[in-house]
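Asks: First, the structure itself, so that you have it in front of you.
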Amino acid sequence: MAGDSLTAPEQISTAESSDFLADVIAGLSNDPRMLPCKYFYDERGAALFQKICELPEYYITRTEIDILDRNRAEIASQIGANVELIGLGTGAGTKTCILIEALQDPAGYIPVDISEKQLRESTALFQKIFPNLEILPVCADYLQPVTLPSPRRKAARNVVYFPGSTIGNFEPKEAVEFLRRIANVCHRDGGLLIGVDLKKDQHVLEAAYNDGAGVTAQFNLNLLDRLTRELGADFDLDQWRHRAIYSSSAGRIEMYLISEIDQFVHLDEHKFHFRRGEKIITEYSYKYAPEEFAALARTAGFEFVRTWTDDARLFGVFYFSCSSESSG
């Protein structure tokens, strides 16, 4: 990140989209078929996700906000003063706003997000709320190597903020590799504040991803609509349905789009045959016990410092320091 590889000019630039078609063709050619969940977030997808965050079944966002709000002073004290805060996928910035308000004289804020519209809107809002804070937005896919700008003022340390349990979308081995990249950016004395969805009752989890209003279904199906609008595919959305299940053996929510009929879909020069009942994997969302996630982060070079959670232990906000072995 700042000065490291997790690299982009100080103004917003549009994220590269040249890999979109190649990623989709590769995913649909795979066995099992899959589509990368990072492509959920076009303009409509980002708006639908904001609606999901407000649903009664979707506990994640409101619980994380409540944890941050109740523990803001303690979290800020742990992070320390004069930090360079790097936000990954912070969306509308509601949670980040709570954090920055509590921080003591941060040196700068670098939000990194794949949704250009949302990044522009949140940056404009933050510039009004925090007029003295240097904000350096970067529109990019943070899953790819990205060189980030550095604030004018030298910071005491780099702290990465990764909210919303997005780490759960990684396979565990991929999560370790991604956390290692973050550790290389943090350097010695740096830190990581990260949201993690915790293991809990299966019914609570499945309800959160199969809401009664059908907003998550719209969000999932919008991915196929995006392929039709932007890549020229001919998906018929009426012939697909959304489903999400919790696999207790894998410790993850598995989100699918399921073909209702035997059908063919055309994309570019490819013709894909889908059998009735065949699934396209659109997202895995791993859930962790606190000790499991602490062990995962330790493998990546982080030292566990503290967890804040809600009374029902639905969600955890973890803070890690960067060990000397991972600095570089």
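The values are calculated or read from the model by the stated rules, or taken from the named source; none is laboratory data. Remember, predicted model here, so these are calculated numbers, not experimental data. Because the Cβ atoms are built from the backbone with ideal geometry, glycine has one as well, and the counts that use them run over all protein chains shown.
Asks: Of the conditions (1) exposed (fewer than 12 other Cβ atoms within 10 Å of the Cβ); (2) farther than 16 Å from Leu35 by Cα; (3) not hydrophobic (A, V, I, L, M, F, W, C), Glu260 satisfies every one except a single condition; which number is it?
Replies: Every listed condition holds for Glu260 apart from (1).
Asks: Taking the residues in region 24-39 that are modelled with pLDDT of 95 or more and in a helix (DSSP H, G or I) as candidates, determine which candidate is surrounded by the most Cβ atoms within 10 Å (Cβ to Cβ).
Replies: The extreme case among them is Val24.
Asks: A further question follows. Might you let me know whether region 257-274 holds any residue that is modelled with pLDDT of 95 or more, of a type in the set (D, E, K, R) and within 22 Å of Asp23 (Cβ to Cβ)?
Replies: Within region 257-274, one or more residues are modelled with pLDDT of 95 or more, of a type in the set (D, E, K, R) and within 22 Å of Asp23 (Cβ to Cβ).
Asks: How many residues are part of a loop (DSSP other than H, G, I, E, B), of a type in the set (Gly, Ala, Ser) and surrounded by fewer than 23 Cβ atoms within 10 Å (Cβ to Cβ) if we restrict to region 109-160?
Replies: Total meeting the criteria: 4.
Asks: Kindly indicate the residue of region 246-257 that is farther than 11 Å from Ser285 by Cβ and not hydrophobic (A, V, I, L, M, F, W, C) and also surrounded by the fewest Cβ atoms within 10 Å (Cβ to Cβ) among those meeting that condition.
Replies: Only one residue tops the list, namely Ser249.
Asks: How many of the residues in region 225-254 are more than 26 Å from Tyr59 (Cα to Cα) and either touching a Lys or Arg at 6+ places or on another chain (Cβ under 6 Å) or part of a helix (DSSP H, G or I) (or both)?
Replies: 10
Asks: What about Lys173, is it part of a helix (DSSP H, G or I), at pLDDT 95 or above and surrounded by fewer than 18 Cβ atoms within 10 Å (Cβ to Cβ)?
Replies: So Lys173 fits the description; yes.
Asks: Among Ala73, Ala81, Ala15, which is the only one that is at negative phi, at pLDDT 95 or above and assigned to a loop (DSSP other than H, G, I, E, B)?
Replies: Ala81
Asks: Does any residue in region 163-177 that is over 16 Å from Ile281 (Cβ atoms) come within less than 8 Å, Cβ to Cβ, of a residue that is in a helix (DSSP H, G or I) and of a type in the set (D, E, K, R) six or more places away or on a different chain, and which pairs are these?
Replies: Once the first residue is over 16 Å from Ile281 (Cβ atoms) and sits in region 163-177, its partners that are in a helix (DSSP H, G or I) and of a type in the set (D, E, K, R) give Pro163/Glu64; Pro163/Lys95; Gly164/Glu64; Gly164/Lys95; Ser165/Glu64.
Asks: Report yes if some residue within region 226-240 is within 20 Å of the chain's Cα centre (by Cα) and within 25 Å of Lys51 (Cα to Cα); otherwise report no.
Replies: Looking through region 226-240, at least one residue is within 20 Å of the chain's Cα centre (by Cα) and within 25 Å of Lys51 (Cα to Cα).
Asks: Could you grab me the full set of residues in region 218-245 that are buried (at least 20 other Cβ atoms within 10 Å of the Cβ), in contact with a His (Cβ under 9 Å, 6 or more places away or on another chain) and over 18 Å from Gln263 (Cα atoms)?
Replies: Phe219, Asn220 - these are the residues of region 218-245 that are buried (at least 20 other Cβ atoms within 10 Å of the Cβ), in contact with a His (Cβ under 9 Å, 6 or more places away or on another chain) and over 18 Å from Gln263 (Cα atoms).
Asks: Which residues, counting only those in region 40-52, are assigned to a helix (DSSP H, G or I) and crowded, with 18+ Cβ neighbours inside 10 Å?
Replies: The answer is Phe40, Gly45, Ala46, Leu48, Phe49, Ile52.
Asks: Now for a separate question. Give me a count of the residues in region 300-328 that are modelled with pLDDT under 95 and outside any loop (DSSP other than H, G, I, E, B).
Replies: Residues that pass the stated criteria total 4.
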